[in-house]
1. Of the conditions (1) farther than 19 Å from Ile45 by Cβ; (2) at pLDDT 90 or above; (3) over 14 Å from the mean Cα position of the chain (by Cα), Leu183 clears all except one; give me its number.
2. Inside the stretch 117-184, counting only helices (runs of 4 or more DSSP H) that do not spill past its ends, which hold 1 or more residues that are of a type in the set (Lys, Arg) and within 20 Å of Val85 (Cα to Cα)?
3. Can you name the residue in the stretch 49-81 that is basic (Lys, Arg) and part of a helix (DSSP H, G or I) and is also surrounded by the fewest Cβ atoms within 10 Å (Cβ to Cβ) among such residues?
4. Considering each of Gly35, Gly115 in turn, give the residue that is of a type in the set (Gly, Ala, Ser) and touching a residue at least 24 places away in the same chain (Cβ under 8 Å).
5. Consider Ala212 against the criteria (1) farther than 19 Å from Asn70 by Cα; (2) small (Gly, Ala, Ser); (3) at pLDDT 90 or above: it satisfies all of them except one. Which criterion is unmet?
6. When only residues in the stretch 7-60 that are at pLDDT 90 or above and of a type in the set (Asp, Glu) count, which is farthest from the chain's Cα centre (by Cα)?
7. For Phe110, state whether it is part of a helix (DSSP H, G or I), among the hydrophobic types (A, V, I, L, M, F, W, C) and buried (at least 18 other Cβ atoms within 10 Å of the Cβ).
Amino acid sequence: MARVLRWAIPAAAALAVPTIPANAYLFWTVPDFSGPAVRGDEPGITLPLPGARPEEVRANLVWTLRAALNVAALQCQFARPLMTVSNYNTVLSQHRDELSGAYTTLGNYFRRTKGKVWQRAFDSYTTQSYNGLSTFHAQIGFCEAAGQVGKSAIAARRGNFHGVAEQNMRKIRNALIPQRDQLIRYTYLTVPNLPLDDRCWDRKGRFRKECAQS
């Protein structure tokens, strides 16, 4: 379990955080990041594990959501009311056994499929997982969604972190796609195609109305 708790963010980083709801903190109207529940082996949800058994697919999903909340704890501290640091630390404590089991299961997968280089393959998997969850252009949406999902994970009973992952991993992935605030509407102005003929302009550079009618 020591390997899991290594990723805990210092508790001091979470002090003095206002208790403002995460919902709609960074947006006036939050984009719809929701999506259907997942198993974990759908394209684009987790890193593929060829030949993975059902329990390994589940562990992959659990560990990927943990990685997403870890990335949020590191990248979303500018939005303190989302409480991504304290959310993550609470998740590590509350779902300790399930996270430890997922880590062990994934280790066994890489031992089974990669042989002597399993640790290198496992480390590469971890790095790729983090890189695939890091974003710049969609950071606001990702942080908003991660704040919401973190609260859902805290509200879940012990042993059901996988249920939170099944219901919310699609939301995390959708939030990595840049989206505008739903309250903002963009209006594009149409510039009239004015004739450049000298007869349509007077000596002061004013457009003659009769040219607009022709």
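1. Status for Leu183: all satisfied but (2).
2. On the way: elements: 118-131, 139-155, 161-175.
The qualifying helices (runs of 4 or more DSSP H) are 139-155, 161-175.
3. Within the stretch 49-81, the match that is surrounded by the fewest Cβ atoms within 10 Å (Cβ to Cβ) is Arg80.
4. Among Gly35, Gly115, only Gly35 is of a type in the set (Gly, Ala, Ser) and touching a residue at least 24 places away in the same chain (Cβ under 8 Å).
5. (3)
6. Among residues in the stretch 7-60 that are at pLDDT 90 or above and of a type in the set (Asp, Glu), the one farthest from the chain's Cα centre (by Cα) is Glu55.
7. Details: part of a helix (DSSP H, G or I): yes; among the hydrophobic types (A, V, I, L, M, F, W, C): yes; buried (at least 18 other Cβ atoms within 10 Å of the Cβ): yes.
Considered against the rule, which asks whether it is part of a helix (DSSP H, G or I), among the hydrophobic types (A, V, I, L, M, F, W, C) and buried (at least 18 other Cβ atoms within 10 Å of the Cβ), Phe110 comes out as yes.
The values are calculated or read from the model by the stated rules, or taken from the named source; none is laboratory data. From a predicted model like this one, the values you see are computed outputs, not experimental measurements. All Cβ positions, glycine included, derive from the backbone under ideal geometry; neighbour counts span all protein chains shown.
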